Amino acid sequence: MPTGTRRARERASTRERIIEAALHVLETEGASALTIRRIATDVEYTAPVVYQHFANKDALVLELVAHGHRLMMAELEQAAQEPDIDRRMMQLASEYVRFAGEHPDLYQVMNDDAVDAEERRRTAAPAIGVLKDLLTTWSDTHHVVLADLDDACDIVWGTLYGIASLGRLSTVGSERARRLAQQALGTLLRGWRADLSEDA
């Protein structure tokens, strides 16, 4: 194996170990415990080695945000396999809230203002794309004209985000939040279909 190829693999492996260690600290101890020095200790490197991969803590957190969105995407894509579009939308709502409940600290970092809003939006772009595709399929199936797809997407996203946040309360919990998310999304979709009926 050429020296350059081996070094690239070693570098990628080191980076992956750093991300895994940071994710472990985040999910077991919370964001406040996440420091470059702590991560370096956990992976048995010096802090300068970590800095070779991530310029600062913000860069590491941004990578965790991107990792969280990739993880969520994989789970949302499973829901996208459901052939019936209405059930697919309900599964999307349920899976989104379930993800938030199973990864509370990662989910909080993914939506926290510690990360620049534009960067958060960029890392969320693939998940937003899935939602837009689902909304387009749903509206085509039911012959509903959504006046603004971006607005519709933000309405759905905001609704699910709000209910996922409620799920963190002991009085609500993750399971009830999943049911509420499905009810809320169902209400939105019925409202858009009702608008079509009124316009006809």
- [ ] Report Rg/Rh for the chain, rounded to two decimals, where Rg is the Cα radius of gyration and Rh the Kirkwood radius.
- [x] 1.07
Task: Accessible-area composition of the chain, carbon plus sulfur, in percent [1.4 Å probe] - done: 50
Open item on the list: Around PRO104, under 11 Å between beta carbons, what's the net of Lys plus Arg minus Asp minus Glu among the other residues?
Closed with: -2
- [ ] Using a 1.4 Å probe and ignoring any ligands, DNA or RNA, find the accessible area of VAL109 and quote it in Å² to the nearest 10.
- [x] 20
Open item on the list: Need the full-extension length gain, ALA114 to ALA184, defined as separation in residues times 0.36 nm minus the C-alpha distance. One decimal, nm.
Closed with: 22.3 nm
TODO: Determine the sum of side-chain charges near ARG17: Lys and Arg each +1, Asp and Glu each -1, restricted to other residues whose C-beta is under 12 angstrom from that of ARG17.
DONE: -3
- [ ] Mind running the shape call on segment 112-199? Use the C-alpha gyration tensor, a ≥ b ≥ c as the square roots of the eigenvalues: rounded below 1.5 for a/c, prolate if a/b tops b/c, oblate otherwise.
- [x] oblate
- [ ] For segment 54-121, just the Cα set please: Rg and Dmax, both in angstrom.
- [x] 13.8, 46
TODO: Sort segment 1-111 into rounded, prolate or oblate with this rule: let a ≥ b ≥ c be the square roots of the eigenvalues of the Cα gyration tensor; rounded if a/c is under 1.5, and if a/c is not under 1.5, prolate when a/b is larger than b/c, oblate otherwise.
DONE: oblate
Task: Helix 117-141 vs. the chain, principal-axis angle (Cα, 0 to 90°, nearest 10) - done: 30
Task: Contour excess over end-to-end distance, with Cα ends at GLU29 and LEU149 and 0.36 nm allotted per residue - done: 39.3 nm
Open item on the list: Suppose all protein chains stay in the model; what accessible area per residue would a 1.4 Å probe give for the chain, in Å²?
Closed with: 55
- [ ] Could you please report the charge total around GLN52, scoring K, R as +1 and D, E as -1 over all other residues with beta-carbon less than 11 angstrom from its beta-carbon?
- [x] +2
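The values are calculated or read from the model by the stated rules, or taken from the named source; none is laboratory data. Worth saying up front: this structure is predicted, and the values here are computed from it rather than measured. As a convention, Cβ positions derive from the backbone with ideal geometry for all residues, glycine included, and neighbour counts pool all protein chains shown. All accessible areas refer to the heavy atoms of the entire protein, side chains included, with ligands and DNA or RNA removed. Shrake-Rupley method; radii C 1.70, N 1.55, O 1.52, S 1.80 Å.
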